[in-house]
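*Asks:* For reference, the structure I am asking about is given below.
FYI, it's all coordinate maths here, none of it is from the lab. From a predicted model like this one, the values you see are computed outputs, not experimental measurements. For neighbour counting, all protein chains shown are included, and Cβ atoms are generated from backbone atoms with ideal geometry for every residue, glycine included.
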Amino acid sequence: MSQKELYTRISSLNGEVCVPGDKSISHRAVMFGSIAQGKTKVHHFLPGEDCLSTISCFKQMGVSIKRQDDYVEIEGNGFSGLIEPTEVLDVGNSGTTTRLMLGILAGVPFHTSLIGDESIAKRPMGRVTVPLQSMGAKIDGRESGQFTPLSIRGGALRSIRYESPVASAQVKSSILLAGLNAEGTTSVTEPHKSRDHTERMLGAFGVQVHVEDKTVSIAGGQSLKGTEIYVPGDISSAAFFLVAGAIVPDSCITLRNVGLNPTRTGIIDVLRQMNATVEIKNERVVNGEPVGDLIVQTSDLKGIEIGGDLIPRLIDEIPIIALLATQANGKTVIKDAEELKVKETNRIDTVASELKKLGANIITTDDGMIIEGKVTLTGATVDSHGDHRIGMMLAIAACIATSRTLLERADAINVSYPTFFTDLESLLN
Ligand code: S3P
């Protein structure tokens, strides 16, 4: 268990950061490259622990995946190139690896066992195993396939029209990937639109995907062709520096090459609604994904209400938004966010318990939290609870704390942002 002394009482943060590759897009690039025919080259791949779990699982299924200095090269041979692994696949801490890979495994005629860490064992897998079973996949596991360890035997599938009770890109993607091996057309309808990287990237691999409002459909029998993918910077990683720039005094931070997919930019909407100065420059489209540079400055903030359709567009940013709200004048209400309870930790509880240790005024609710600002944060010993985003949020909180702050289980940050502290240090003057 690692403990780290954090930077505290920072007088200003200035400069530029080029945040690492997007986690969601990096996972998909490796998975789709592994089931495509031919070579796929992935530039600016995120070498975080989660994405490395995806690489190692597909290597165990016989796919040649080579990591070079600045890209990853995958030699796919279609779905039929995957071979039955001789050992259990370890998904580590990664929900995306588990759920998307189950969708792929549902369509291949062999047996696989999956296991992950302590946090994965608590995350609901029934949301994908139930629809995949109804397509014909044979899945078993703890509590009848609700939790890991899981085992799956795939094969010929039938298509379904699935009404998902949750807005989840992992659920949507898993079913669509299974749909590639199903007879007929498979569709998924969500209550709110979730991130659409799967739909966009399948297009880049030559697959036709039909999108109509909150319903996505895919015809079975289509194959993927290897391609070249440029992964944009992860807006969920940039979010920590967007908030740092807004709350640390005398700061101005530029974040280069950040993915600006509209299903992910809720954090920019929230910062602006709270009165923060955020500029977008150099907007362009790369591989069907919008990208740009973001410039943020220290701002006088006000509390707001966050809920509804906005939630899936910022679900991973709620821990850092909670910190932002402690520095806004007035009340911030976060609602409709019960999904936070089934992330790497129960993020309603871990955000509130850790920020309270620093002096924040937070009340938890059934579907979110109420935060009263503006509060001066003081130093304390805090804990990531093994959750990367809680760890990084606390590291930014420490920057404005008035005394020494120690972070327990700081190494959790390597899951999505191994160079986080180097990038933070580069902004100190
Ligand atoms: C992800 C989808 C989201 C998100 C997760 C990554 C993805 O999860 O929280 O970090 O890559 O599809 P849900 O699909 O469970 O909302």
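*Asks:* So, in Å, what gap is there between the alpha-carbon centers of segment 325-354 and segment 375-429?
*Replies:* 17
*Asks:* Taking R0 as 30 Å, what's the FRET efficiency between Lys39 and Val286 from their Cβ-Cβ distance, rounded to 0.05?
*Replies:* Approximately 0.95, to the nearest 0.05.
*Asks:* For Asp117 and Ser2 in the same chain, what is the full-extension length gain: residue separation times 0.36 nm, less their Cα-Cα distance, in nm?
*Replies:* Details: separation 115, 0.36 × 115 = 41.40 nm, distance 1.71 nm.
Taking Asp117 through Ser2 to full extension adds about 39.7 nm, to one decimal.
*Asks:* Over segment 23-230, what is the relative contact order in whole percent, taking alpha-carbon pairs under 8 Å and six or more residues apart?
*Replies:* Relative contact order of segment 23-230: 21 percent.
*Asks:* Take Glu338 and Lys374, extend 7 Å from each Cα along the Cα→Cβ direction, and tell me the distance between the two endpoints in nm.
*Replies:* 3.6
*Asks:* Sorted by average packing, counted as other Cβ atoms within 10 angstrom per residue and highest first, what order do 333-340, 384-391 take?
*Replies:* Ranked by mean Cβ neighbours within 10 Å, highest first: 384-391, 333-340.
*Asks:* What is the log10 of I(q)/I(0) for segment 274-429, computed with the Debye formula using one identical point scatterer on each Cα and no solvent, at q = 0.14, 0.18 Å⁻¹?
*Replies:* -0.75, -1.23
*Asks:* Using Cα pairs under 8 angstrom and six or more residues apart, how large is the relative contact order of segment 324-411, in percent?
*Replies:* This gives 30 percent for segment 324-411.
*Asks:* Once amide H atoms are built 1.01 Å from N in the peptide plane, which residues 5 or more positions from Glu84, or in another chain, come under 5 Å H to H?
*Replies:* Under 5 Å from the amide H of Glu84 lies no amide H from a residue far enough along the sequence or on another chain.
*Asks:* By counting other Cβ atoms within 10 Å of each Cβ, how are Asp234, Asp140 ranked from fewest to most?
*Replies:* Lowest count first: Asp140, Asp234.
*Asks:* If you wrap a convex hull around the alpha carbons of segment 23-230, what volume per residue comes out, as a whole number of Å³?
*Replies:* It is 99 Å³ per residue.
*Asks:* Under 8 Å for C-alpha pairs, at least 6 residues apart: give me the relative contact order for the chain, rounded to a whole percent.
*Replies:* The value is 18 percent.
*Asks:* Can you tell me how segment 389-429 classifies by the Cα gyration tensor, rounded, prolate or oblate, using a/c under 1.5 as the rounded cut?
*Replies:* Oblate shape, in that a/c is at least 1.5 and b/c is the bigger or equal ratio.
*Asks:* Find the Cα radius of gyration of the chain, compare it with 2.2 N^0.38 Å by division, and give the number to two decimals.
*Replies:* In units of the globular-protein estimate, the chain measures up at 0.95.
*Asks:* So, R0 is 30 Å and r is the distance between the beta-carbons of Asp269 and Phe421; what FRET efficiency does that work out to, to 0.05? Don't skip to the end; give the middle numbers.
*Replies:* Working: r = 28 Å, r/R0 = 0.94.
Calculated transfer efficiency: 0.60.
*Asks:* Which of the three applies to segment 217-354, rounded, prolate or oblate, going by the alpha-carbon gyration tensor with a ≥ b ≥ c and a/c under 1.5 meaning rounded? Don't skip to the answer; put the middle values down first.
*Replies:* Values: a/c = 2.32, a/b = 1.36, b/c = 1.71.
Taking the square roots of the gyration eigenvalues as a ≥ b ≥ c, segment 217-354 is oblate.
*Asks:* Membrane-span-like helices in the chain: DSSP H runs reaching 18 Å or more (Cα, own axis), mean Kyte hydropathy at least -0.5?
*Replies:* 23-35, 388-400
*Asks:* How much length, in nm to one decimal, is gained on full extension between Glu212 and Asp69, taken as 0.36 nm per residue of separation minus their Cα-Cα distance?
*Replies:* The Glu212-Asp69 span can extend by a further 47.5 nm.
*Asks:* Restricting to segment 23-230, compute how many DSSP beta bridges are antiparallel as a %, nearest 5.
*Replies:* Given both bridge residues lie in segment 23-230, the antiparallel proportion sits at roughly 70 percent.
*Asks:* Based only on other Cβ atoms within 10 Å, what is the fewest-to-most ordering of Met369, Met393, Met61?
*Replies:* Met61, Met369, Met393
*Asks:* Efficiency by 1/(1 + (r/R0)^6): what FRET value for Ser144 and Ser56, r their Cβ-Cβ distance, R0 = 30 Å, to the nearest 0.05?
*Replies:* Taking R0 as 30 Å, the efficiency between Ser144 and Ser56 is 0.60.
*Asks:* For the chain, what does the helix formula give at 222 nm: sum of -39500 (n - 2.57) over DSSP H segments with n ≥ 4, over the residue count, nearest 500 deg cm²/dmol?
*Replies:* The helix-only estimate for the chain comes to -9000 deg cm²/dmol at 222 nm.
*Asks:* Rounded to the nearest 5, what is the percent of antiparallel bridges among the DSSP beta bridges in the chain? It would help to have the intermediate numbers written out before the result.
*Replies:* Working: 58 of 82 bridges.
Within the chain, antiparallel bridges account for around 70 percent of the total.
*Asks:* Moving on to the next point. Could you check the spin-label model distance between Lys302 and Glu279? Points 7 Å from the Cα along Cα→Cβ, value in nm.
*Replies:* Taking the two extended label points, one gets 2.4 nm.
*Asks:* Using the structure shown, list the pairs from Lys172/Lys302; Lys59/Lys341; Lys39/Lys343; Lys193/Lys343 with a Cα-Cα distance above 30 Å, or answer none.
*Replies:* Over 30 Å Cα-Cα: Lys172/Lys302; Lys59/Lys341; Lys39/Lys343.
*Asks:* Which of rounded, prolate or oblate describes segment 334-424 when judged by the alpha-carbon gyration tensor and an a/c cut-off of 1.5?
*Replies:* It is oblate, given that a/c is not under 1.5 and a/b is not larger than b/c.
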